[in-house]
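Rule-based calculations on the coordinates, nothing more; no lab input. Owing to the predicted nature of the structure, the values given are computational and were not obtained by experimental measurement. Positions of Cβ are generated from backbone atoms using ideal geometry, with glycine treated the same way; all protein chains shown enter the neighbour counts.
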Amino acid sequence: MASSAVSVFYGSQTGCAESIAQRIYDEALEKQLDAELHPLNEFQKSKVETRDGHFVVIVCSTTGNGDPPDNSGKFWRYVKRRTQPEDMLAKLRYTVLGLGDTNYDKFCFMGKSIEKRMRELGAQSFYEFADEAMGLEDSVEPWLNGLWEAFDKANGVIEVTADVVTSVSDIKESTANGGNSLTTEKTSSTSTTVNTPYILDNLISYEKMFGPLDTPTEVPEDLPRLQHSLLSVHFLGDEERQKPIHTSTTDEDDKEISSTNPFMASLIGAEYLTAPHAERKVLRLDIDVSGSGIQYVPGDSIGIKCPNRTEDVDALLARLGVSGDEVFSAEPVAATNGRAAKRKNTSIHFPTPCSVRDVFLHYVDILSSPKKAAVRALATYCTDEEERARMLLLSSKTGADKYTEFITEQHLNFAEILHFFPSCKPPLDHLLTLIPQLMPRYYSIATSPLVDPTRLSVAFTVVEYAVGEQRLRRRGLCTNWLNKICQPLIGASVAASITIKIPIFLRGTQDFHLPENSQSPMVLIGPGTGVAPFMGFLQHRYYEAKDASVTRGDAYLFFGCRRQSEDWLFKEQMQEYASNGALRQLFIAFSRDQDEKHYVQHDLRDNVELVADILLGSDGYVFVCGDGMAMAKDVHAALVGILTERAGLSQEDAELKLRELGTQHRYVRDIW
């Protein structure tokens with residue numbers, strides 16, 4: 001009997017949706033289905049709508065405040081055309097999983113919109129829509145666990161079987177029988193403890209955290225599905241190394257600047273916007289984009305691709321016992337009944353052939369914490385029974401608290417996990433499957449192209465934070481890399497003789513832009529580095545006003561920082577815009593210059609009439625940018641309070657009013 005066909009599509013900005021889609025695709029191949037995996041932008045090209053009874057699984061995240069990911073924008077423009085026939089997708093059976101950030105009103109907006117549009121175009125749902133509202137474990141995992149039963153029912157399959165490994169002996173037998181046959185030729189079979197001096201001394205080991213155990217750890221039954229290797233790796237000999245090695249993952253004729261084909265831009269200036277004694281450093285970088293073809297507008301951001309730290313790479317190489325100079329080739333595969341099968345329509349996120357050092361340095365996120373599924377897979381490579389059992393416990397629902405305390409709260413990365421489980425010897429192919437792709441970091445542009453279209457600036461906090469009971473210091477990868485490489489530019493006298501280049505690309509936004517009508521009044525709320533895009537807004541307004549025909553509406557900026565003497569970012573520019581009319585009024589909340597803390601939401605409440613008039617007017621706009629953990633929620637609550645006080649609305653109606661403004665793109669948030 002011919003196997004059923006299923007196409008798995010993903011829209012992914014950070015790699016999470018793609019990782020889930022890859023898991024679904026691999027499981028489809030394990031079921032011996034005729035499966036394909038595509039980014040959503042290849043939907044039209046795949047011609048799935050012409051295949052009668054074809055199954056489609058879509059996993060899509062939402063970026064910004066309702067925007068599609070970069071690799072799904074083309075798809076969304078295609079399907080949402082109102083000229084499309086109502087039966088365009090009538091031959092398809094589908095399901096959708098939506099991912100997103102609950103800080104946004106348009107949480108999982110793209111997933112919900114795609115699900116609705118698929119129905120409108122005649123597609124038949126075979127499994128319920130799901131979103132990430134309750135988190136990956138509580139929402140996504142149950143949906144994934146029920147997917148194939150729903151598929152089998154829709155496909156007329158009566159019997160549904162599951163292969164669940166419940167004990168250490170089962171795992172050992174599974175591995176021995178080919179459950180992980182895709183091993184590399186360079187993996188040592190001996191168990192050695194590698195000295196990795198980089199590993200921080202104040203990390204807490206499993207034994208120290210949970211105490212010595214009198215009896216062996218019991219393996220729970222509620223384990224996640226075992227994730228197989230999706231790669232086949234072949235180490236090259238001396239002769240094979242003589243062949244040209246690819247240096248890019250893009251097609252040779254793909255000249256468009258993008259995340260996979262970034263532009264090497266020159267850093268031409270750098271300045272700390274905070275005082276030397278400030279608790280946090282904020283750095284401004286000036287970037288030359290001449291020759292890139294980048295055309296930006298205020299509100300856009302740039303993506304920067306940074307490498308991993310050399311010391312982190314060295315620690316991982318030492319732990320794996322693999323030379324960074326080794327060169328390997330790779331091809332995508334999926335494990336199906338113990339044998340390797342080539343995967344259709346999939347790509348590898350690194351060039352091949354590639355050196356081991358380069359793949360860990362530039363292409364995979366070795367500082368990420370292993371997800372439970374990754375810990376589950378790593379457990380299969382432990383030769384020590386107790387270590388294997390502990391890793392399986394960490395990966396289970398039963399061990400959720402231990403996973404949180406040991407891995408999440410300490411922010412343990414892959415090298416550190418392997419350090420604490422010395423008998424774990426994963427082969428390169430499976431490790432590269434488990435470690436997520438190293439993603440670019442995004443920074444709002446703080447300038448206007450009206451000043452100079454070939455130059456732009458960004459500003460960001462150099463991230464350092466403490467985690468766990470030991471207050472372990474962690475550093476943000478990209479911001480600390482940028483801070484390090486730009487040091488020669490701190491000081492204008494030497495800048496002219498220095499050439500420093502970084503890989504960048506433009507990322508536009510759907511609605512975080514100045515209003516089309518320049519006369520519309522605006523409230524701009526941006527504490528800390530959240531003010532960066534608003535500096536671009538105000539600079540643009542100032543230069544636009546030099547054209548006598550342009551009439552400006554009033555703009556009000558609510559900015560907040562800790563202390564006036566430490567971290568009043570863009571102080572001179574703000575004062576200049578307030579004096580030249582680009583800014584009608586400037587409100588600044590210094591949270592720690594007085595006994596009682598004062599934040600931007602307090603200034604909003606102190607100006608109820610002004611803010612309410614813009615919220616309730618027919619053409620007013622409110623923009624919010626910055627921290628989504630607390631600030632965005634507090635600001636939102638303040639706006640709700642202003643509407644209840646000024647307009648006499650109930651809290652529910654005030655929420656509805658803000659939601660309505662969001663739909664009209666007049667209450668716009670860019671939060672992280």
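Converting phi to 3J(HN,Hα) with the Karplus coefficients 6.51, -1.76 and 1.60 and the offset θ = phi - 60°, the range 269-278 yields x, 8, 8, 7, 8, 10, 5, x, 8, 5 Hz in sequence order, with x at every glycine or proline.
Only bridges whose two residues both fall in the range 5-154 count here: according to DSSP, what percent of them are antiparallel, nearest 5?
On the way: 1 of 25 bridges.
Around 5 percent of the beta bridges assigned by DSSP in the range 5-154 are antiparallel ones.
Among 591, 205, sorting on how many other beta-carbon atoms sit within 10 Å of each Cβ, with the fewest leading, yields 205, 591. Subtracting the Cα-Cα distance of residue 215 and residue 672 from their residue separation scaled by 0.36 nm leaves 160.1 nm. Subtracting the Cα-Cα distance of residue 454 and residue 44 from 0.36 nm times their residue separation leaves 144.1 nm of extension gain.
Can you tally the net charge around residue 518? Count Lys and Arg as +1, Asp and Glu as -1, for every other residue whose Cβ sits under 12 Å from the Cβ of residue 518. Combined, the nearby Lys, Arg, Asp and Glu give -3.
Put simply, the C-alpha atoms of the range 522-671 give a gyration tensor, and the ellipsoid matching it has half-axes of 24, 21, 13 Å, longest first.
Residue by residue, the range 556-562 carries 3J(HN,Hα) couplings of 10, 10, 10, 10, x, 8, 7 Hz when phi is fed to the Karplus relation 6.51 cos²θ - 1.76 cosθ + 1.60 (θ = phi - 60°); x denotes Gly or Pro.
Within a Cβ distance under 10 Å of residue 507, other residues only, what is the Lys/Arg minus Asp/Glu net charge?
Values: positive: none; negative: 67, 70, 300.
Taking every other residue near residue 507 into account, the sum is -3.
Between the alpha-carbon centers of the range 382-428 and the range 473-549, tell me the distance in whole angstrom. Distance between centres, Cα-based: 41 Å. Amide H to amide H, with H built 1.01 Å from N, residue 437 comes under 5 Å of 365, counting only residues 5 or more places away or on other chains. With an a/c value of 1.5 or above and a/b not larger than b/c for the gyration tensor axes a ≥ b ≥ c computed over the alpha-carbon atoms, the range 624-672 is described as oblate.
Seen from residue 555, the other residues with C-beta closer than 11 Å to its C-beta sum to a net charge of +2, counting Lys and Arg as +1 and Asp and Glu as -1. Couplings 3J(HN,Hα) for the range 475-486, derived from phi with the Karplus relation 6.51 cos²θ - 1.76 cosθ + 1.60 (θ = phi - 60°), are 10, x, 5, 6, 5, 6, 5, 4, 4, 6, 6, 8 Hz, where x marks Gly and Pro. Residues whose amide H falls under 5 Å from that of residue 226, counting only those 5 or more places apart or on a different chain, are absent, with hydrogens built in the peptide plane. Cα centroid separation, the range 631-669 to the range 14-58: 39 Å. For the range 329-478, the gyration tensor built on C-alpha atoms gives an oblate shape. Its axis ratio a/c (a ≥ b ≥ c) is at least 1.5, and a/b is not larger than b/c.
Close amide H partners of residue 125, meaning residues 5 or more places away or on another chain with modelled amide H under 5 Å apart, are 94.
Take 110, 522 and order them by how many other Cβ atoms sit within 10 Å, fewest up front. Each step should come with its number before you reach the end.
Details: 110 27, 522 24.
Ordered from fewest to most neighbouring Cβ atoms within 10 Å, 110, 522 come out as 522, 110.
Each of 598, 540, 277 has some number of other Cβ atoms within 10 Å of its Cβ, and from fewest to most they run 277, 598, 540.
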